[in-house]
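Read through the structure below, which is laid out as structure tokens, and then see the notes.
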Amino acid sequence: MDKWFEGLIDDIKVYLPQVDRQRLSSAYETSEKIYAGRKANEKLNNFIFRPRDVVEVLIPLKPDEDSIIAAFLYDLVDSGRLYLSEIEEEYGDGVVGLLEGLQILKSIRVTRYQSADKIDLLRKLFLVMAKDIRVLAILLAVKVAQMDLLSKIPKDCAEAFATEVLEIFVPIASRLGVYRFKTILEDKTFQYLNLEGYKKVADQLDRIGKKKTDYILKVSEILENFYTEHGFVNVKVTGRIKGFYSIYNKMLKKGLSSVDGVYDVFAFRVVIPTEYLLSMEEDVSKLYEALGLLHSGWRPIASRFKDFVAVPKPNGYRSLHTTVVGLSDGSINFPVEVQIRSENMHDEAEYGIASHWLYKDTRGKGLAMLKSHAEWLRNLAILHADMGSDDRVLESMKLDLFGDRIYVLTPKGEVKELPSGSTPLDFGYFVHTEIGHRCILAKVNGKPVPLSTELSNGDTVEIVMRKDPAPKLEWLGIVKTSQAKMKIKNWFASQDKEKHAKMGKDQLNSQLSRFGKPLLTPSLSVLKNFGGKRLTLQERGKILEEIGKGSQTAGSVVRKIYDLEGLLKKRDRKVEVVRSARSGSARSARYAIEDEILLGGVDGLKVKLAKCCMPSYGDEIVGYISAMKNAATVHRKDCLLLQRLNPDRKVAASFKTVPADSADRKKGMYRVGLRIDADERVGLLGDIGSTIASNGVNIVSHDSAGEVGGKNRKISLVVDVADLEQLEKVLNSLEGVNGVVAVTKVS
């Protein structure tokens, strides 16, 4: 076996003394053999990585045997030269389970996919990680190995891959505390996607030159000697320059043009041996002692102190952070960040949740951390399982998972992590579903605030609850997280079906009445033929429930029952409206249909349209001369009322001939009758008229009736609308007019 493998076994034995050397050797030899064959024979082999490169990246996380073998074999199942059945026979179902999870995630290809594909990838990622978190660590190691191959594939594919890593895998690594991979992937993708920004940071740091390396070594030595002199044993100090991507983002946020303004360009970690109390809880007193000594030796910047030991981050990160001035070898005078932590805390900071996957942590914190993250992942998998696939959903998911985070406190001092922009309602639902449902008032830092208040870092949030749950639909416009939105929607969905059905029935009847259609019968027959399908009584009832829950609107249901012909054209007959050539007159906006009528072949005679049959342009028409009126009334030729009138008073009528391609011809309109029931008040008619006009709709005629001195008024209108959508806007607007009780479309 080669030297590389022997070195690997030595590294593994440090944390896994009982490693099965033969088992790993078999997987390594198989992977090397298949990899060599693929590189030699496959034309498109530029993105084929060497499996041992992935294992090399993975080893610092101290993975178990199954994870190492799965990393060796990960990319070989796709080659067609290795089958899962063979792997199971040779290495067991544990390895197969990991490979199956990885194969699910590989089913999404990375070439310029849309938001729907990203959502699919996220859903699968949540489900697989919730089942076995080791899959994530292997996948992150694969991404690190693949980043070195981007220059060998087409630029657009490489950019898509790097964007996916930066937008999805880097934030997930951060959320689970695997900072080692987070930093590596951030800087590699930053260099590829924003070379100009990367060079800006690199060039400024290069000006410091070799000094920075000497500076890190010298300051590390100063700190080690300082703590040794003060009685600390086996303290390890390491220094580093912050990741380029992290420095660049801090420069952008602060509006800096130089790295000189970034306080923590240099960061030093003081790692102290872990000590335990008799209760087996970790003793952190040495950490605070080390912090006090540091502040006595160098001046701290007060605003830069953070205690993540007393108040850990939700992903388990624990450390004391401080920034001091004057800690220097004399060549560089940057303020430096010093992180003080125990060995346990250091492992957690580097590897996050992965630091607990191997050891069954009997002290409880590791187990609690694993359970916490597993629950988080399971909730995410459930939360997004039924969501649609569009950009709004993707943005909502990004806010939940990858947006900037804030840390707020419960009244008991527990820390809760939320997306930036979250409200007290988001906080309530995050703590517990029932707290959100029963919320009646929120207090932030002891003061009552509106539920829509945006929370800030460090706020203490208290939710005052009512006895019974009573969410409001308007809360959907207040909460920012998809988790809270889903819980509110689920509450309404779970309420009594009869209540929803009744609400849906009332809403649908109101909409049917609005359009002058028959109301629902006990058998719901109007819903029998719905959207081209024949529904059972149970299915019809389900539609009413959906309307009541808000998942469908009554308006959309009506449009599926009746087509445009049934809602407008059948009763209201299409009318062509032409624009008047007489500009400047009150009628110039719309040329009335009456001006298109010839009475006995003569133009310009006064005519009125009969309300009983509402003739439209193009209909066969007849005029009727009444002794009571000074104008002829024009009926449709097939009007039933006309047939009962005195035939001696009938006169021939017709429409003028307007060329089909006339520039004055306006698009088709629909003439619709409306009845408005309203409470009498001064200015009522004016408000109704201006409301209709604001929707770009012309009033053809109107009539108003009511008792003298009475409180009720009935108003009849005839309007021309372009389509059903415009009619609905008019109806909605009219119902909002002060005093209007009901608006109904009539024949």
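The values are calculated or read from the model by the stated rules, or taken from the named source; none is laboratory data. These numbers come from a predicted model, not from an experiment. With ideal geometry, Cβ positions are generated from the backbone for all residues, glycine too; neighbour counts draw on all protein chains shown.
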Candidates A742, A722 - the one that is small (G, A, S) and closer than 17 Å to S694 by Cβ: A722
Index of the failed condition, A290 passing every other in (1) under 25 Å from I216 (Cβ atoms); (2) in a loop (DSSP other than H, G, I, E, B): (2)
For the range 244-283, name all the residues that are modelled with pLDDT under 85, among the small types (G, A, S) and on the phi < 0 side of the Ramachandran plot. S257, S258, G261, S279
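Considering only residues of the range 293-317 that are over 20 Å from L223 (Cβ atoms) and within 32 Å of the chain's Cα centre (by Cα), which is surrounded by the fewest Cβ atoms within 10 Å (Cβ to Cβ)? Break it down stepwise before answering.
Filtering the range 293-317 for residues over 20 Å from L223 (Cβ atoms) gives 302-303, 310-317.
Those left that are additionally within 32 Å of the chain's Cα centre (by Cα): 311-317.
Values: V311: 14, P312: 17, K313: 17, P314: 17, N315: 20, G316: 23, Y317: 17.
Taking the candidates together, the pick is V311.
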Could you go through the range 68-75 and let me know if any residue there is touching a Pro at 6+ places or on another chain (Cβ under 7 Å) and either at pLDDT below 85 or charged (D, E, K, R) (or both). yes
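Only one of K443, K489 is surrounded by 13 or more Cβ atoms within 10 Å (Cβ to Cβ) and either modelled with pLDDT of 85 or more or at positive phi (or both). Can you tell me which?
On the way: K489 fails: either modelled with pLDDT of 85 or more or at positive phi (or both).
Checking each option against the conditions leaves just K443.
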P448 fails exactly one of the following numbered conditions: (1) free of Cβ contacts under 8 Å to residues at least 24 places away in the same chain; (2) touching an Asp or Glu at 6+ places or on another chain (Cβ under 7 Å). What is the number of that condition? (2)
Any residue in the range 659-672 that is under 25 Å from L512 (Cβ atoms), at pLDDT 85 or above and not assigned by TED's automatic domain parsing to the domain that holds E594? no
Would the range 79-92 turn up any residue that is touching a Lys or Arg at 6+ places or on another chain (Cβ under 6 Å) and either at pLDDT 90 or above or in a loop (DSSP other than H, G, I, E, B) (or both)? no
Exactly one condition in (1) polar (S, T, N, Q); (2) exposed (fewer than 13 other Cβ atoms within 10 Å of the Cβ); (3) in a loop (DSSP other than H, G, I, E, B) is false for N225; which is it? (3)
Quick test of your reading of the structure: M503 fulfils all but one of (1) on the phi < 0 side of the Ramachandran plot; (2) surrounded by fewer than 17 Cβ atoms within 10 Å (Cβ to Cβ). Name the failing condition by number. (2)
For the range 208-240, which residues satisfy the criterion of being under 25 Å from L293 (Cβ atoms) and aliphatic (A, V, I, L, M)? I216, L217, V219, I222, L223, V233, V235, V237
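Just a yes or no: is a residue in the range 524-545 among the β-branched types (V, I, T), farther than 17 Å from F427 by Cβ and surrounded by fewer than 18 Cβ atoms within 10 Å (Cβ to Cβ)? Please lay out each step first, then the result.
Our first condition is that a residue be among the β-branched types (V, I, T); within the range 524-545, this holds for 526, 536, 543.
Restricting the remaining residues to those that are farther than 17 Å from F427 by Cβ gives 526, 536, 543.
Subset that is surrounded by fewer than 18 Cβ atoms within 10 Å (Cβ to Cβ): 536.
Checked against the condition, which is being among the β-branched types (V, I, T), farther than 17 Å from F427 by Cβ and surrounded by fewer than 18 Cβ atoms within 10 Å (Cβ to Cβ), the range 524-545 yields at least one hit.
Among E167, E186, which is modelled with pLDDT of 85 or more, among the acidic types (D, E) and within 33 Å of the chain's Cα centre (by Cα)?
Selected residue: E186, the only one of E167, E186 that is modelled with pLDDT of 85 or more, among the acidic types (D, E) and within 33 Å of the chain's Cα centre (by Cα).
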Of the residues in the range 241-250, those that are surrounded by fewer than 19 Cβ atoms within 10 Å (Cβ to Cβ) and either farther than 30 Å from G292 by Cβ or without any contact (Cβ under 8 Å) to a residue 12 or more places away in the chain (or both) come to N249
Which condition breaks for L476 when tested against (1) part of a helix (DSSP H, G or I); (2) farther than 29 Å from L727 by Cβ; (3) under 26 Å from the mean Cα position of the chain (by Cα)? (2)
Here are some residues: L58, L8, L24. Which one is assigned to a helix (DSSP H, G or I), closer than 23 Å to L150 by Cα and not hydroxyl-bearing (S, T, Y)? L58
Test: residue in the range 430-438 that is over 23 Å from G548 (Cβ atoms) and aromatic (F, W, Y): yes
Look at Y263 and say whether it is assigned by TED's automatic domain parsing to the domain that holds K306, surrounded by 15 or more Cβ atoms within 10 Å (Cβ to Cβ), of a type in the set (S, T, Y) and not in a loop (DSSP other than H, G, I, E, B). no
Please identify the pairs in which a residue from the range 164-184 that is not assigned by TED's automatic domain parsing to the domain that holds L105 has its Cβ atom under 6 Å from the Cβ atom of a residue that is of a type in the set (G, A, S), counting only partners at least 6 apart or on another chain. none
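May I ask you to say which residue of K485, K502 is in a helix (DSSP H, G or I), in contact with a Gly (Cβ under 9 Å, 6 or more places away or on another chain) and either touching a residue at least 40 places away in the same chain (Cβ under 8 Å) or not assigned by TED's automatic domain parsing to the domain that holds R540 (or both)?
K502
Enumerate the strands (runs of 3 or more DSSP E) found wholly within the range 545-643, keeping only those where 3 or more residues are among the aromatic types (F, W, Y), farther than 30 Å from S494 by Cβ and modelled with pLDDT under 70. Give the steps one after another, and end with the answer.
On the way: elements: 574-578, 597-599, 607-609, 621-625, 632-636.
Counting at least 3 such residues, we get no strands (runs of 3 or more DSSP E) at all.
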